[in-house]
Amino acid sequence: MADNLNIPSLPSSVDLNIRRAIDAIERFLMYQQRELTSLSSSAGQVTQSGQIVNAVALLSIPPKPLNLVATGGFDKILLQWDNPYYRYQSYVEVWRSTVNDLGTAALVGTSNGVLYSDNPPVSATPATYYYWVRFINSASLAGSFSAVASTITHLGADNLTIPGTASIWDAIIGIGRITNLYIDDVIQSESWNGSDIGWKVDKLGYCTFNGGTFRGSVTFQSGSTGYSNIADRPNFRGAWSSASVVHVVNDEVTKDGSSWACILAHTSSVSNGPPTLPTTSNTWWSLKAQRGEDFDVIVESTNGDIFRVGQALTTTLIAHVIQNGLDVTADIDSSRFQWRRVSRIPDAPGDAAWNALYASGYKQIPLSVDSVNSQATFHCDILNL
């Protein structure tokens, strides 16, 4: 073999694969010239120190990769393909695009095996990426591209706070659960203000929402439906007074032993008070519960009527309606029973909230130390529905 190879340069217009083939032949011949210590030829094969190098195999185009699979992770994508079973495999090129078009793909890395972990650009929203791979042999000849594989990578790392807390701004949980062991007393929205803004769900299953849409049936196993909004809640104002008291709709007052509900906002005066029975309504007031002439309401406490601070006591208040000496409670619908709490130390918001819970539907109610602010009295009215 000559000491020097004299292979002319190829013009740039020659096809890339032909140029690669010529380059491979040149490298092969130079390799043989420089390294081989003993040569023998047999059916197109060259022997070097007992090893057989097949020039035809070295210059063959690598096969097409099979079974490329892309698996999306939080901010990485794992690629996997079948092992290339051919001689003189060198490495694998990995190409990526944001659309299913090989012509737009860019080389993003190489692999010496059958796996590749890609780090696509961070995205504020889930993004789909498309991948192709191809084999490159020892002569730098490239084979055909694999079939396309695609997957979705999830939110970028800028939405993850580490260590200790993960803040997920937008996510879909397919199958999973959060147990009591891993949550606080409640799960709540960032906007929750403790009363009427935002939402919360506690470990006992109680929840508060601003609203909801139900596509199926709703079943109440016990309790009351309450009021659809705060404006519908009755607000007990005590005995009616003509001394310029500002009243709003759903204020409740008592007069001559009967209860009246405000139906038109106004400022009280001697001319706009509740009417005298048997008249049951006027422009400003409507009868809510009429004074009983032939029945009495007796409230029974199952565990006494005095709770002291520090005592973990509970009781049940039971209303009994007595008419002509007979207990007729069972004959009266529970929707006509309305309970009221009047705190000795003024607590209008607390009383209003408690009254709203038991405004209708309960013939008996549970009480504990937490139900009372210092001292309070509880009343049960039978509504004239």
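Where a number appears in this text, it was derived from the coordinates with a stated rule and is not lab data. Nothing here was measured: the structure is a model prediction, and the numbers come from that model. Note that we place each Cβ from the backbone using ideal geometry, even for glycine, and neighbour counts take in every protein chain shown.
As a test of the definition: which semi-axes, in Å, follow for region 61-154 when you take the square root of five times each eigenvalue of its alpha carbon gyration tensor? Largest first, please. It would help to have the intermediate numbers written out before the result.
On the way: eigenvalues 118, 31, 22 Å².
Whole-Å semi-axes of the equivalent ellipsoid: 24, 12, 10.
With both partners inside region 235-385, how many of the DSSP beta bridges are antiparallel, as a percent to the nearest 5? Before the final figure, lay out the partial values.
On the way: 32 of 36 bridges.
If we restrict to bridges inside region 235-385, about 90 percent are antiparallel.
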Point to revise | Nonlocal amide H pairs with F236, under 5 Å, H built at 1.01 Å | key: E252
Review point. Where nothing but the Cβ of Lys and Arg (+1) and of Asp and Glu (-1) is charged, how large is the charge dipole of region 64-104 around its Cα centre, in debye to the nearest 20?
Key: 120
Revision key, fill the gap. Checking region 337-385 for trypsin sites (Lys or Arg not before Pro) in a loop per DSSP with at most 16 other beta-carbon atoms within 10 Å yields R344
Practice item. Search the structure for amide H atoms under 5 Å from the amide H of K64, placed 1.01 Å from N in the peptide plane, and list their residues when 5 or more places away or on another chain. Key: S144
